Ligand code: NDP
Ligand code: ZN
């Protein structure tokens, strides 16, 4: 089968690989819609360490084509939503991973583009299908569901880790697709003022629609000064973009007893450091939390319920649509180049489905 991925670091392209085999607990899925992600482009550039001959992509909805002998809840032909994080639920480490992001080692539950080929292929394998796949909730569109599998799960997790409370002043540093979801999650948790940090006009528009009350432009001056001028200090800061200096900035703009929650992906080559004063000399009860997208079927079902019953339109972040299997290449390149009008591209694999 063919898939779009990386031959090696900084060498993306079309790979020819064996179709994955289906173990007793697994399912083989053919993607219907996929969404390239900044984590795919980071991986291609070696940000997560060296990788060879790996099909990329980890955000998909699709159709089950085969199930293992022990799979109870799914059958070929089912249209399924596939979390980007698919734990091996038989691993003891998953039971200790309250967020269901890590098996027995960091990122162990993030199979696609790590231990499994990714979803930008004719077929991909989903481990522990019964616990990881879920059917589309009636009233939720496939495009909205696709946005739950990583963007909404990760962004909302930022708001959950920050423990956003009614009336909190929340800063979301970075309002790309992940940060936009953090804005939406903070608003749904009852935040008061929400300040988004970013510059892209269509991101700013969606940020306001999702609940941002103010926007800070990091290109127009120090964001700590700008946030302090606006608010006098934030209760919670969610990091979903920026540089290796952003953690220090987040600490400096957070009040005592506040919290910083980072869902940002730092490069393996980065060293993070910050002034002790920004952290209140370590004694101001400014909690630093960080985490990775929670996975599994129950998580996606809850996010789909939020879309359906709270009217949260997760598909607002889709800025570009492509059609056809081959279009995964330009969609991935668009993600890599970060066009100024980009939020999130999706690719309808409609040519394969038609066959
Ligand atoms: P984007 O690149 O689309 O967005 C980044 C945002 O950060 C943009 O709003 C950008 O502003 C802003 N930004 C850039 N530089 C600065 C700066 N110096 N100071 C403040 N803000 C800045 O990223 P995504 O939304 O796709 O992803 C966000 C992060 O989350 C990435 O690191 C990604 O790898 C990570 N991620 C983490 C996951 C997890 O599970 N933890 C899952 C998926 C992604 P501008 O408007 O100017 O572009
Ligand atoms: Zn992703």
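Any read-out appearing in this document is the output of simple, stated calculations on the displayed coordinates, not a laboratory observation. Computed from a predicted structure; not experimentally measured. With ideal geometry, Cβ positions are generated from the backbone for all residues, glycine too; neighbour counts draw on all protein chains shown.
Selection of first residues in the stretch 171-196 that are under 13 Å from residue 230 (Cβ atoms) and of second residues that are in a loop (DSSP other than H, G, I, E, B) and near ligand 1 (Cβ under 9 Å from one of its atoms), restricted to Cβ pairs under 9 Å at least 6 apart or on distinct chains, gives the following pairs, ordered by first then second residue: 196/174; 196/175.
Cβ-Cβ contacts under 7 Å between residues 6 or more apart (or on different chains), taken from a first residue in the stretch 112-132 that is without any contact (Cβ under 8 Å) to a residue 60 or more places away in the chain to a second residue that is in a strand (DSSP E or B), are absent. Of the residues making up the stretch 302-343, those that are closer than 21 Å to residue 261 by Cβ and either touching a strand residue (DSSP E or B) at 6+ places or on another chain (Cβ under 7 Å) or in a loop (DSSP other than H, G, I, E, B) (or both) are 312, 317.
Quick grid of which residues meet (1) under 16 Å from residue 39 (Cβ atoms); (2) out of contact with any helix residue (DSSP H, G or I) (no Cβ under 9 Å at 6 or more places or on another chain):
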| position | (1), (2) |
| --- | --- |
| 116 | yes, yes |
| 125 | no, yes |
| 133 | no, no |
| 139 | no, no |
| 153 | yes, no |
| 157 | yes, no |
| 167 | no, yes |
| 187 | no, no |
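All conditions but one from (1) within 14 Å of ligand 1 (Cβ to nearest atom); (2) touching a residue at least 24 places away in the same chain (Cβ under 8 Å); (3) in contact with a strand residue (DSSP E or B) (Cβ under 9 Å, 6 or more places away or on another chain) apply to residue 199; the one that does not is (2). Restricting 157, 210 to those that are more than 16 Å from residue 318 (Cβ to Cβ) and buried (at least 17 other Cβ atoms within 10 Å of the Cβ) reduces the list to 157.
Selection within the stretch 171-195: residues that are more than 19 Å from the chain's Cα centre (by Cα) and within 15 Å of ligand 1 (Cβ to nearest atom). The member of this set that is surrounded by the most Cβ atoms within 10 Å (Cβ to Cβ) is 194.
Determine, yes or no, whether residue 230 is under 22 Å from residue 166 (Cβ atoms), within 16 Å of ligand 1 (Cβ to nearest atom) and either surrounded by fewer than 17 Cβ atoms within 10 Å (Cβ to Cβ) or free of Cβ contacts under 8 Å to residues at least 60 places away in the same chain (or both). Here the answer is yes, as residue 230 does meet what is asked.
Being outside any helix (DSSP H, G or I) and within 16 Å of ligand 2 (Cβ to nearest atom) is the filter here; which residues of the stretch 267-301 pass it? Spell out the reasoning first.
In the first step, residues of the stretch 267-301 are kept if they are outside any helix (DSSP H, G or I); the result is 267-279, 283-296.
Result: 291, 292, 293, 294, 295, 296.
Taken together, 62, 46 contain a single residue that is in contact (Cβ under 8 Å) with a residue 12 or more places away in the chain and under 20 Å from residue 338 (Cβ atoms), which is 46.
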